[in-house]
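Let me begin by presenting the structure, written as structure tokens, before commenting on it.
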Amino acid sequence: MQTNQLTKRVVLPALLIALNVVIARFFIIPVPMTHGNINLCDAGIFVAALLYGRRTGLIVGGLSGFLLDLISGYSQYMVFSLVVHGLEGFIVGWIGYQASRKIQISALFIGGLIVIAGYFLTDTLLYSLTPGLVGIPTNALQVLAGAVVALPLTIKLRQPLKL
Amino acid sequence: HRLDPRSKLLLSFYYIGIIFLANNWQTYLVLFLFTILAVRLSEIKMSFFIRGVRPLIWLILFTVLLQVFFTRGGTTYWSWGPIVLSQFGIVNGIYIFMRFVLIIFMSTLLTLTTPPLSLADAIEAILKPLRVVHFPVYEVALMLSIALRFVPTLMDETEKIMNAQRARGVDFGEGNLFQQMRAVVPLLIPLFVSSFNRAEDLATAMEARGYQGGEGRSKYRVLVWHAIDSWSVVGFAILTVILIWLRA
Amino acid sequence: MTKIIEVEHLNFRYPQTEGRPALNDVNLTIEQGEWVAIIGHNGSGKSTLAKSLDGLLPLTPDSGTIRVAGITLSEDNVWNIRRQIGMVFQNPDNQFVGATVEDDVAFGLENIGLPREEMLTRVHAALKRVRMLEFADREPARLSGGQKQRVAIAGIIALQPQIIILDESTSMLDPTGRIEVLETVRELKEQANLTVISITHDIDEAANANRIIILDDGEIKESGTPAEIFQYGERLIELGLDVPYAERLKAALRRQNLVVPQQYLTEEGLVDWLWTLHSKM
Amino acid sequence: MDITFKDVDYTYQAGTPFESQALHDINLTIADHSFTAIIGHTGSGKSTLVQHLNALLKPTSGTVTIGERKITPETNNKHLKPLRQKVGMVFQFPESQLFEETVAKDIAFGPMNFGMSAEDAAKKAAEMLNLVGLPADLLERSPFDLSGGQMRRVAIAGVLAMTPEVLVLDEPTAGLDPAGRREIMGMVTQLHEKQHLTVILITHHMEDVASYADHVVVMEHGTIAKVGKPSDVFQDVAWLQERQLGVPETTEFAARLQKQGFHFDRLPLTEVELAAALLPQLPRE
């Protein structure tokens with residue numbers, strides 16, 4: 001008899017995207033002088049990618065980045081975020097899914113680099129080199145915060161999510 | 001406002017593309033006038049657009065100042081060590097300022113006039129051709145629409161769990177960055193668990209209602225392409241031609 | 001009377017669980033147009049039974065047979081069976097798919113590929129019947145629990161099924177919402193000769209049924225009319241139901257050494273009995 | 001510890017276009033060791049009201065006095081911890097606040113936030129698990145492996161572990177079956193009677209109000225519509241039914257008997273009271 005695995009492949013990423021949007025909108029830590037703030041959306045992407053692998057990482061990363069930018073009024077970044085966060089989720093999931101702790105940490109490191117590099121290129125392309133450079137520390141802080149939150153979460157979530 | 005979400009989305013992206021065409025004062029002026037026209041047509045108050053610029057104001061000023069003081073060329077008005085106030089510098093500073101403002105205005109316009117939900121429809125329509133290469137267009141659109149439907153639900157839930165943990169002595173938004181991040185763990189775990197449980201329930205409910213994947217489904221929502229959409233496309237085409245003609 | 005549901009020797013055990021099976025040799029027949037309430041304490045297998053009828057469990061061929069409207073449930077015709085059955089689940093939020101009320105009602109219709117014109121009329125009609133028409137463009141976040149469950153019901157009747165299963169659909173609602181939903185189901189059942197299966201802990205909901213089935217540890221323990229089952233008094237608590245008020249008052253009077261009738265009385269009946277007694281004074 | 005509301009107003013998102021007034025002109029005293037029930041429709045302001053009891057919300061005007069502590073609109077958000085420790089809150093569906101790997105750790109989470117040592121908190125956890133009627137071998141289990149009813153009790157244990165003086169419960173029995181409901185309400189009564197906790201209960205079950213509360217507050221559109229002893233408030237059956245709030249089944253049934261011709265000085269609230277009142281009006285064999 002059919003089980004709902006197929007439907008869940010649509011629904012679970014959808015819920016994780018929603019959660020990510022909520023997390024990013026709720027936990028905003030103001031940082032002076034730059035884009036204004038950092039948020040925790042990378043934590044959600046990391047958790048999705050590490051717990052469910054590259055497919056979910058790609059979808060959750062790309063679409064939550066895309067939606068968040070529209071909702072928060074940064075729609076000039078929408079397409080770029082789709083690519084950058086999608087790639088971030090995909091790579092982290094690819095390297096870190098069901099891997100050892102050490103490998104997961106390096107996955108998050110690479111994922112973080114993708115975000116930093118991605119937004120550096122985006123800002124440089126859209127405006128000029130200066131905003132690109134200014135964004136680097138903010139984005140670094142944001143992915144670092146994301147990684148620091150995501151790691152304990154992935155350990156603690158295994159039991160309740162029955163993974 | 002009245003535009004079809006498909007044209008709004010595509011034209012906004014296109015706009016960001018043609019901003020790169022601007023490279024002298026004539027082209028920037030044309031783009032500026034065009035943007036102001038678009039803003040006027042949207043009937044949204046100017047203050048909303050100014051508000052969109054405000055969080056970025058320091059970054060903009062910083063960038064502009066760097067451009068102004070570190071660009072050489074043309075007449076030099078003033079200099080002090082490596083810092084130069086030159087004709088090119090001032091012109092470049094104005095251009096970069098214009099670019100920021102134009103992009104932010106257009107992005108604010110898209111955000112304010114596009115309900116996120118219509119976005120899911122627009123994306124489904126725009127990506128439809130990709131079905132040929134087996135890209136799951138319906139699934140992506142469904143994911144977006146389910147995600148949007150659950151954002152308010154999870155917002156409420158976040159608030160509720162936050163209150164429950166505050167009542168148990170957690171301080172949110174206090175202390176240093178590390179303490180703040182520790183405080184979110186008791187909140188994020190229940191949220192992930194709840195999202196997961198909701199996904200289980202929702203998947204079951206959807207199958208009970210006959211969902212068996214994107215194929216063979218019909219659509220309740222339809223997008224209507226009006227004459228105004230066609231006119232907007234024509235407008236953008238004319239703009240492109242003018243820009244190319246005026247380019248230095 | 002036509003038999004609309006026939007279950008024979010149904011067995012089921014959740015994968016990766018030990019101990020007792022969730023369903024143990026369940027045999028059950030339900031007539032068309034019947035309202036059957038299934039009660040039992042938590043973990044007695046009620047929801048499992050409901051889900052199995054709709055083909056929502058990974059059943060194996062040796063699990064027994066389920067026939068719905070004459071169709072034997074199998075991998076190939078599970079989707080036909082689901083068209084005959086509409087299910088309303090417990091949590092109103094977790095079954096709302098569409099971003100607005102009308103989108104949600106249309107979801108099931110989209111799944112069967114109904115043409116859009118037909119959808120428009122059916123969505124309209126269904127919303128009207130659950131009195132949610134003026135909420136058609138509302139988002140679920142702005143609705144009460146009872147209203148969300150009514151939208152869920154609209155989504156079901158739009159598909160014109162023969163059977164509605166209420167899987168603890170009122171347990172998360174406040175009293176007003178509970179009344180709203182039960183009234184709606186009662187009306188629809190009358191109009192369309194639906195068969196209703198309601199899984200519940202609510203005594204008022206159970207009282208609506210023609211027949212109550214008691215499930216315990218995955219087995220059907222008893223089956224009878226509400227009047228028969230309600231006589232159990234205090235024992236009903238462990239079966240997951242409250243004690244009906246008339247029974248509670250009878251017990252209190254009995255403790256005052258008054259001789260009370262043994263058989264089940266409705267509240268109406270109890271008033272009459274007390275009045276007759278009073279008149280003899 | 002008495003709790004007093006004086007001229008309390010509360011407006012959500014004050015100063016924005018979305019502002020909406022949730023509480024208006026609340027004056028209320030909740031006495032130490034009392035058992036107060038709060039009834040009213042969804043959206044009547046019950047939940048907003050109780051969130052003022054431990055300063056999760058601060059009044060937009062007026063004063064809430066909790067024991068020694070005064071909460072005004074100007075109160076600083078810091079240093080509220082002692083207050084939060086004294087007023088324990090059990091929210092609706094409290095099982096959703098569980099997050100730790102083991103039941104023991106989750107129950108110990110609150111006390112440790114309020115400065116209890118890990119050792120003492122572990123002891124407290126064992127004690128509280130027993131208090132909510134769960135076996136000790138659950139301590140090292142994951143809370144997510146338990147049944148729904150067990151999870152709820154673990155969550156309540158986590159609140160009780162902070163040794164509050166006031167216990168606020170927002171529909172603690174929602175979604176439970178009758179047996180589960182009885183057990184939770186039995187536990188709450190025990191806490192009130194044996195540990196002398198002040199209990200504030202939001203509920204839709206008028207039976208519970210009749211059986212347990214000594215005070216009832218009826219909320220309507222963000223204001224207090226009625227306040228008093230249950231036996232007084234429930235006399236006005238028509239007033240309550242007009243508001244679709246309902247009355248205890250006994251009271252409703254007695255009102256019906258009264259129309260038939262039975263006589264009651266006051267409408268009874270429980271079937272025991274009703275039986276006693278009926279007895280003189282029925283022939284003895």
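The values are calculated or read from the model by the stated rules, or taken from the named source; none is laboratory data. Keep in mind that this is a model prediction, so the values were computed, not measured. In this analysis, Cβ positions are derived from the backbone assuming ideal geometry, glycine residues included, and neighbour counts consider all displayed protein chains. Only protein heavy atoms, including side chains, enter the accessible area calculation; ligands, DNA and RNA are left aside. Shrake-Rupley method; radii C 1.70, N 1.55, O 1.52, S 1.80 Å.
Would you say B:S145 is more than 14 Å from chain D (Cβ to nearest Cβ) and part of a helix (DSSP H, G or I)? It is true that B:S145 is more than 14 Å from chain D (Cβ to nearest Cβ) and part of a helix (DSSP H, G or I). Evaluating D:T16 against the criteria (1) open to solvent by 10 Å² or more (accessible area, probe 1.4 Å); (2) within 22 Å of D:L197 (Cβ to Cβ) leaves one unmet condition, (2). Once segment B:39-75 is narrowed to residues that are of a type in the set (A, V, I, L, M) and closer than 27 Å to B:D4 by Cβ, the residue that is least open to solvent (accessible area, probe 1.4 Å) is B:V39. Residues in segment C:233-261 that are under 20 Å from C:I203 (Cα atoms) and either open to solvent by 60 Å² or more (accessible area, probe 1.4 Å) or among the acidic types (D, E) (or both): C:E234, C:R235, C:E238, C:D242, C:E247.
Pick from segment D:60-70 the residues that are more than 21 Å from D:Y12 (Cα to Cα) and assigned to a loop (DSSP other than H, G, I, E, B): which of them is least open to solvent (accessible area, probe 1.4 Å)? Ranking the qualifying residues of segment D:60-70, first place goes to D:G67.
For residues in segment B:95-126 being open to solvent by 50 Å² or more (accessible area, probe 1.4 Å) and either polar (S, T, N, Q) or part of a helix (DSSP H, G or I) (or both), which is farthest from the other protein chains (Cβ to nearest Cβ)? Here the answer is B:I126.
Could you list all residues from segment A:74-104 that are free of Cβ contacts under 8 Å to residues at least 40 places away in the same chain, outside any helix (DSSP H, G or I) and within 21 Å of A:L19 (Cβ to Cβ)? Answer for segment A:74-104, where residues must be free of Cβ contacts under 8 Å to residues at least 40 places away in the same chain, outside any helix (DSSP H, G or I) and within 21 Å of A:L19 (Cβ to Cβ): just A:Y74. Of C:Q147, C:Q160, all but one fail to be away from chain B (no Cβ under 12 Å) and either closer than 22 Å to C:L49 by Cβ or assigned to a helix (DSSP H, G or I) (or both); the exception is C:Q147.
Beta carbons closer than 7 Å, at least 6 apart along the sequence or on distinct chains, pair a first residue in segment A:43-66 that is surrounded by fewer than 24 Cβ atoms within 10 Å (Cβ to Cβ) with a second that is β-branched (V, I, T) for A:L51/A:T154. For C:Q149, are the conditions met, namely being open to solvent by 50 Å² or more (accessible area, probe 1.4 Å) and over 19 Å from C:L53 (Cβ atoms)? Against the criterion (open to solvent by 50 Å² or more (accessible area, probe 1.4 Å) and over 19 Å from C:L53 (Cβ atoms)), C:Q149 does not qualify.
Here is a yes/no grid of residues against (1) surrounded by fewer than 19 Cβ atoms within 10 Å (Cβ to Cβ); (2) over 29 Å from D:F5 (Cβ atoms); (3) not aromatic (F, W, Y):
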residue	(1), (2), (3)
D:Y212	no, no, no
D:V216	no, no, yes
D:A225	yes, no, yes
D:K229	yes, no, yes
D:P248	no, no, yes
D:V272	yes, yes, yes
D:R284	yes, yes, yes
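Which residue out of B:N176, B:N92 is out of contact with any helix residue (DSSP H, G or I) (no Cβ under 6 Å at 6 or more places or on another chain), polar (S, T, N, Q), closer than 30 Å to A:L141 by Cβ and open to solvent by 50 Å² or more (accessible area, probe 1.4 Å)? The unique qualifying residue is B:N176.
The residue that is nearest to D:A275 (Cα to Cα), counting only those in segment C:207-265 that are acidic (D, E) and out of contact with any Ser or Thr (no Cβ under 8 Å at 6 or more places or on another chain), is C:E247. I'd like the full set of residues that are at pLDDT 90 or above and within 24 Å of C:I81 (Cβ to Cβ), limited to segment C:192-217. Correct list: C:L194, C:T195, C:V196, C:I197, C:S198, C:I199, C:T200, C:A209, C:N210, C:R211, C:I213, C:L215. Scan segment C:86-95 and tell me whether some residue there is buried (at least 24 other Cβ atoms within 10 Å of the Cβ), of a type in the set (S, T, N, Q), under 22 Å from C:Q32 (Cα atoms) and within 12 Å of chain B (Cβ to nearest Cβ). Within segment C:86-95 (the criterion being buried (at least 24 other Cβ atoms within 10 Å of the Cβ), of a type in the set (S, T, N, Q), under 22 Å from C:Q32 (Cα atoms) and within 12 Å of chain B (Cβ to nearest Cβ)), the answer is no, since none of the residues qualifies. Among the residues of segment D:228-240, are any within 14 Å of chain C (Cβ to nearest Cβ) and part of a helix (DSSP H, G or I)? Yes.
For segment C:96-142, the tally of residues that are more than 7 Å from chain B (Cβ to nearest Cβ) and at positive phi stands at 1. Cβ separations smaller than 7 Å between residues 6+ apart or across chains give the following pairs from segment B:27-47 residues that are farther than 19 Å from B:T240 by Cα and in contact (Cβ under 8 Å) with a residue 60 or more places away in the chain to residues that are assigned to a helix (DSSP H, G or I) and open to solvent by less than 60 Å² (accessible area, probe 1.4 Å): B:S42/B:L109; B:S42/B:T113. Mind checking which residues of segment C:99-118 are in contact (Cβ under 8 Å) with a residue 24 or more places away in the chain, farther than 11 Å from C:A158 by Cβ and open to solvent by 10 Å² or more (accessible area, probe 1.4 Å)? Selection gives C:A99, C:T100.
What residue, among those in segment D:56-94 that are among the basic types (K, R) and farther than 26 Å from D:T203 by Cα, is farthest from the chain's Cα centre (by Cα)? In this case the residue turns out to be D:K78.
Please enumerate the residues belonging to segment C:232-281 that are assigned to a loop (DSSP other than H, G, I, E, B), farther than 25 Å from C:G43 by Cβ and more than 7 Å from chain D (Cβ to nearest Cβ). Those that are assigned to a loop (DSSP other than H, G, I, E, B), farther than 25 Å from C:G43 by Cβ and more than 7 Å from chain D (Cβ to nearest Cβ): C:N257, C:V260, C:P261, C:Q262, C:Q263, C:Y264, C:L265, C:T266. In segment D:210-265, how many residues are free of Cβ contacts under 8 Å to residues at least 24 places away in the same chain and of a type in the set (S, T, N, Q)? Residues meeting the conditions: 3.
Of the residues making up segment C:178-193, one or more are of a type outside the set (D, E), buried (at least 24 other Cβ atoms within 10 Å of the Cβ) and part of a helix (DSSP H, G or I). You will find that of A:I116, A:I155, the residue that is closer than 24 Å to B:A183 by Cα, in a helix (DSSP H, G or I) and free of Cβ contacts under 8 Å to residues at least 40 places away in the same chain is A:I155 and no other. For segment B:154-171, the tally of residues that are touching a residue at least 12 places away in the same chain (Cβ under 8 Å) and more than 10 Å from chain D (Cβ to nearest Cβ) stands at 2.
For (1) at pLDDT below 90; (2) in contact with a Ser or Thr (Cβ under 6 Å, 6 or more places away or on another chain); (3) under 22 Å from B:I161 (Cβ atoms), each residue gets a yes or a no:
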position	(1), (2), (3)
A:P32	yes, no, no
A:G57	no, no, no
A:G62	no, no, no
A:Q76	yes, yes, no
A:V92	no, no, no
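With respect to the stated conditions, B:E139 is in contact (Cβ under 8 Å) with a residue 40 or more places away in the chain, open to solvent by 10 Å² or more (accessible area, probe 1.4 Å) and away from chain D (no Cβ under 11 Å). Applying the criterion of being within 13 Å of another protein chain (Cβ to nearest Cβ) and β-branched (V, I, T) to the residues of segment A:105-142, the residue that is most open to solvent (accessible area, probe 1.4 Å) is A:I136.
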